[in-house]
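The values are calculated or read from the model by the stated rules, or taken from the named source; none is laboratory data. All of these numbers come straight from a predicted model, not from anything done at the bench. Cβ atoms come from the backbone with ideal geometry, glycine included; neighbour counts cover every protein chain shown. SASA here: full protein model, heavy atoms, side chains in, ligands and nucleic acids out. Shrake-Rupley method; radii C 1.70, N 1.55, O 1.52, S 1.80 Å.
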Number of protein chains: 8
Amino acid sequence: MRDPNNVFHLAIPARDLDETYDFYVTKLGCKLARRYADRITLDFFGDQVVCHLSDHFDRDVNMYPRHFGITFRDKRQFDNLYKLAKQRELPFFQDLSKRFQGMIEEHEMFFLRDPSNNLLEFKYYYDDRMMY
Amino acid sequence: MRDPNNVFHLAIPARDLDETYDFYVTKLGCKLARRYADRITLDFFGDQVVCHLSDHFDRDVNMYPRHFGITFRDKRQFDNLYKLAKQRELPFFQDLSKRFQGMIEEHEMFFLRDPSNNLLEFKYYYDDRMMY
Amino acid sequence: MRDPNNVFHLAIPARDLDETYDFYVTKLGCKLARRYADRITLDFFGDQVVCHLSDHFDRDVNMYPRHFGITFRDKRQFDNLYKLAKQRELPFFQDLSKRFQGMIEEHEMFFLRDPSNNLLEFKYYYDDRMMY
Amino acid sequence: MRDPNNVFHLAIPARDLDETYDFYVTKLGCKLARRYADRITLDFFGDQVVCHLSDHFDRDVNMYPRHFGITFRDKRQFDNLYKLAKQRELPFFQDLSKRFQGMIEEHEMFFLRDPSNNLLEFKYYYDDRMMY
Amino acid sequence: MRDPNNVFHLAIPARDLDETYDFYVTKLGCKLARRYADRITLDFFGDQVVCHLSDHFDRDVNMYPRHFGITFRDKRQFDNLYKLAKQRELPFFQDLSKRFQGMIEEHEMFFLRDPSNNLLEFKYYYDDRMMY
Amino acid sequence: MRDPNNVFHLAIPARDLDETYDFYVTKLGCKLARRYADRITLDFFGDQVVCHLSDHFDRDVNMYPRHFGITFRDKRQFDNLYKLAKQRELPFFQDLSKRFQGMIEEHEMFFLRDPSNNLLEFKYYYDDRMMY
Amino acid sequence: MRDPNNVFHLAIPARDLDETYDFYVTKLGCKLARRYADRITLDFFGDQVVCHLSDHFDRDVNMYPRHFGITFRDKRQFDNLYKLAKQRELPFFQDLSKRFQGMIEEHEMFFLRDPSNNLLEFKYYYDDRMMY
Amino acid sequence: MRDPNNVFHLAIPARDLDETYDFYVTKLGCKLARRYADRITLDFFGDQVVCHLSDHFDRDVNMYPRHFGITFRDKRQFDNLYKLAKQRELPFFQDLSKRFQGMIEEHEMFFLRDPSNNLLEFKYYYDDRMMY
């Protein structure tokens, strides 16, 4: 179990703050902590993601080596997020899929793509020890 | 307070897994969760960082738009980490500094650089509401 | 997750303290913290509601813009409270209903009316991220 | 100790959503959960406050019978909030004061006024049993 | 939710420490914290019960006005304790029964009698708000 | 650490419910959960105490073998309660005293007497392992 | 409930650190905290196990008097671990078995043997009070 | 942070159960969970230690490769335990000492020896990340 008092923070590029706000706050349902002229800071599922206005975003999208997201311990939270992503038509980079079926490492995951080509991966493991 | 049961996960590039292991496990004191031929997965202060062997690491280092790290609620944890970084001679990208002195946003921070030019920022805010 | 150590407090008007006591403590099952000549303070589901004897209560009742209540994470607590309200014949302003069926925002809710025309809304969301 | 999983929610009137956003998000540092044409929902210190665009706000301001806020268990959080309110020049309805000095009920408190004349009271009790 | 750090303590009479030990530790499965010549202190389901060797125990047993026990939030813990009491043939003062069936106050309970005629009541409420 | 979800409950005699209410709620600051014609149920520092109207109260008061109370882990809570008891002139059976000074069992304690001659003991141990 | 902040630590002999690493980290899925020339320290299900390179390991294996392991409160964690042990073909000293069927002490358990003949026992009790 | 719901269990040899009881329960202040003819089970600082009557105890005592104990996060708990060990004249194998002074790995520790020559190590690290 991680410490509930600390916060992981991640800074990523955003090519436009309005579409970033639309993706993360309006659609994905993250909370907006602060908005400045050059960045948006988000309460991203309890951690912090800062979207910096920048020209250094990826022009093409690759799953590796960079992506980020949340691994849920509660399957219902994972399922609800997938349902939200479908209903609100968030852009999927890879739809829901299962990996390592029947193995102890079995998990479900899907990838979203934000407007600046950052990839978000959400996962659920059947064995919570496999989360790391 | 974030949910202690979930885990933030971040995938980053690593140009060499041995030096990555040395930086994160031996020096920074993160726990090694798994090691494969093409990646290392870490328990990074309770969250997960996956270092993928990759040629797509940054050749030069910039603070923006990409970096990641932990914001501590307990100053002692922050101070201990700084002391560790100094004693074990981890490469600093920016040494300990204070920002917004006297303001409510006042915080202390420092930046480390891993062997693949990923930047790690560690922070402590005097007002914990400013962590986001 | 909110901080279990802090308390939200809300002050509302009460036209009569005896009927207020009867509604909140005897019927709704809140705990009485203190009673003075001019007010009653309640442990209202873990937060604090203070009912001030006052002539400034609403003469007619409207759902907007003022009401308050609890959003439960556990459906059983929500269902139990609804059952209590029915059995003890608390005055409903709006009976149990579902909103946004099939949508990610789907939730169940009902409204009670206290003797001073304050409206209490209790809710349960199928996706706990929608609680805010 | 209250249940960290549930959320207190409060609906209040707002005469203008932009100035409401400015007061609660930009200045007071609450997180924005959602914004619609007719309301803003806030993560207000872990609970939920919904500001409904409405003409039914108070024209004049009185401490009783209606106000709301947070009672902190940790004096540092209370002190930091007061410092923030002063630095960011939030409108005070009543500045920092002590009540019941020397008594077990002794506490510090201050009142802010939002742009729609809603009053916010923040408190700190020296004896945490007095929080209710 | 009560504070996990504090402990309720209760002192009761015991006419004989060996039979008291046998009842509470060997049969009921409480942990022995300390044993002195004149008393036994127990970790009784997380709280403290001290059994003082004394001639002032009750000669006849009445349900009122004195008894003590635990109200469980988790039905499985309640059911397991009842099963233990049956299997280990602890003396029942009142066997498992339901009260207020169909009402919001509905609960299950049973009474045990210790060797010094102290009565122990264990309860489970279907609505956890009724535990007080 | 005890389970925050369960509740210890204790039933004690009360010779008069009004004076019992005055002692426990008005003076000692416990929360009233319910009041019936023949009993009062209290949220007593997070656990439950039920005061049954009864003629079987103790005519004279002895420290042994029966008393009850709370052992605090936080000295400030203990000190605050003592201050409250003094200010509100609760009847002491034994004033603040230290036992086992210099020993690992060292603790501070005081005894109050309720209107029905039930004794309440409140304690603080310097070594929290000695709480049992 | 035990204190989540403290750590149980156990030092055991290891005849070879590479095979020890393979057993505990690669197969059993424990996290490696540190590796020195003469020992490996592990985050063993949240506690600490230190494997010291030593010639004093057991030549033959006996269940008594020495073994160690985890007793899980959540059956799913126990079942997942058993599944992992089977899939990854960890050496069993005793396969899954039930003890005290129908009794309150009923539990499931299995024994693994590490490369240095240390025995690991994992257990699940149907009644969590029997964990001690 | 480890999971408060699980329990580490350790089985060790005891050459005599009465002296084992005296060492662990009477002197060290552990709670006795159960006593059988051939073993004693203890609540050892929240985890479980089982002392099996056995002839396979160590005839001579060595610090490596076998010992066990608790690493405390709170220095006061560590200091209190040391004070208890001194006052109750528990047999020390190594008195209080500091290791790695000035280094990030700095910690205090002492070793006790139980009557069956099992060694118990208790530790406190100034940087809690070094606990593993």
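Hey, any hits in the range B:75-96 for a residue that's touching a strand residue (DSSP E or B) at 6+ places or on another chain (Cβ under 9 Å) and under 22 Å from A:Asn62 (Cβ atoms)?
The first filter runs over the range B:75-96 and keeps only residues touching a strand residue (DSSP E or B) at 6+ places or on another chain (Cβ under 9 Å), leaving B:75, B:77-79, B:81-82, B:85-86, B:90-96.
Those still in the list that are under 22 Å from A:Asn62 (Cβ atoms) too: none.
No, that holds for no residue.
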Top-ranked residue in the range A:77-88 [being open to solvent by less than 70 Å² (accessible area, probe 1.4 Å) and closer than 24 Å to A:Asn117 by Cβ; ranked as farthest from the chain's Cα centre (by Cα)]: A:Gln87
Single residue of the range G:89-110 satisfying the filter (open to solvent by less than 60 Å² (accessible area, probe 1.4 Å) and more than 15 Å from the chain's Cα centre (by Cα)) that is nearest to the other protein chains (Cβ to nearest Cβ): G:Ile104
Cross-chain or 6+ apart pairs with Cβ under 6 Å, the range C:111-132 first and more than 10 Å from chain D (Cβ to nearest Cβ) and in a loop (DSSP other than H, G, I, E, B), then surrounded by fewer than 20 Cβ atoms within 10 Å (Cβ to Cβ) and among the charged types (D, E, K, R): C:Pro115/C:Glu19; C:Asn117/C:Asp58; C:Tyr126/C:Glu106
From the options F:Leu84, F:Leu96, residue that is more than 30 Å from H:Asp47 (Cβ to Cβ), modelled with pLDDT of 95 or more and part of a strand (DSSP E or B): F:Leu96
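Which of the following residues is under 16 Å from G:Asp3 (Cα atoms), more than 10 Å from chain G (Cβ to nearest Cβ) and of a type in the set (D, E, K, R): H:Arg76, H:Arg35? Outline the logic, then answer.
Values: H:Arg35 fails: under 16 Å from G:Asp3 (Cα atoms).
Matching residue, one of H:Arg76, H:Arg35: H:Arg76.
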Which numbered condition A:Val49 fails, given (1) part of a strand (DSSP E or B); (2) within 15 Å of the chain's Cα centre (by Cα); (3) within 25 Å of D:Arg35 (Cβ to Cβ); (4) within 8 Å of another protein chain (Cβ to nearest Cβ): (4)
Residues of the range B:81-113 satisfying the condition of being charged (D, E, K, R) and in contact with a Pro (Cβ under 8 Å, 6 or more places away or on another chain): B:Arg113
Per-region count, the range C:30-40, residues without any contact (Cβ under 8 Å) to a residue 24 or more places away in the chain and part of a strand (DSSP E or B): 5
Residue in the range G:103-110 that is over 22 Å from G:Arg129 (Cβ atoms) and not in a strand (DSSP E or B) present: no
Residue within the range F:30-37 that is modelled with pLDDT of 95 or more, open to solvent by 30 Å² or more (accessible area, probe 1.4 Å) and among the aliphatic types (A, V, I, L, M) present: yes
Subset of the range A:16-29 (residues that are part of a loop (DSSP other than H, G, I, E, B) and either surrounded by 17 or more Cβ atoms within 10 Å (Cβ to Cβ) or at the interface with another protein chain (Cβ under 9 Å from one of its Cβ atoms) (or both)): A:Leu28, A:Gly29
Residue satisfying condition, being part of a strand (DSSP E or B), free of Cβ contacts under 8 Å to residues at least 60 places away in the same chain and of a type in the set (Asp, Glu), within set G:Asp55, G:Asp43, G:Asp79, G:Asp60: G:Asp43
Single condition H:Leu90 does not satisfy, out of (1) touching a residue at least 40 places away in the same chain (Cβ under 8 Å); (2) under 23 Å from B:Lys31 (Cα atoms): (2)
Yes/no for C:Leu10 being within 13 Å of chain D (Cβ to nearest Cβ) and in a helix (DSSP H, G or I): no
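Would you confirm, using the coordinates I've provided, whether C:Val61 is touching a Ser or Thr at 6+ places or on another chain (Cβ under 6 Å), among the β-branched types (Val, Ile, Thr) and either under 27 Å from D:Glu121 (Cα atoms) or within 11 Å of chain D (Cβ to nearest Cβ) (or both)?
Details: touching a Ser or Thr at 6+ places or on another chain (Cβ under 6 Å): no; among the β-branched types (Val, Ile, Thr): yes; either under 27 Å from D:Glu121 (Cα atoms) or within 11 Å of chain D (Cβ to nearest Cβ) (or both): yes.
Spelling it out, it is not the case that C:Val61 is touching a Ser or Thr at 6+ places or on another chain (Cβ under 6 Å), among the β-branched types (Val, Ile, Thr) and either under 27 Å from D:Glu121 (Cα atoms) or within 11 Å of chain D (Cβ to nearest Cβ) (or both).
Go through the range B:45-74 and give me each residue that's acidic (Asp, Glu) and open to solvent by 40 Å² or more (accessible area, probe 1.4 Å). Step through it out loud before you land on a result.
At the first step, the residues of the range B:45-74 found to be acidic (Asp, Glu) are B:47, B:55, B:58, B:60, B:74.
Across the range B:45-74, the qualifying residues are B:Asp55, B:Asp58, B:Asp60, B:Asp74.
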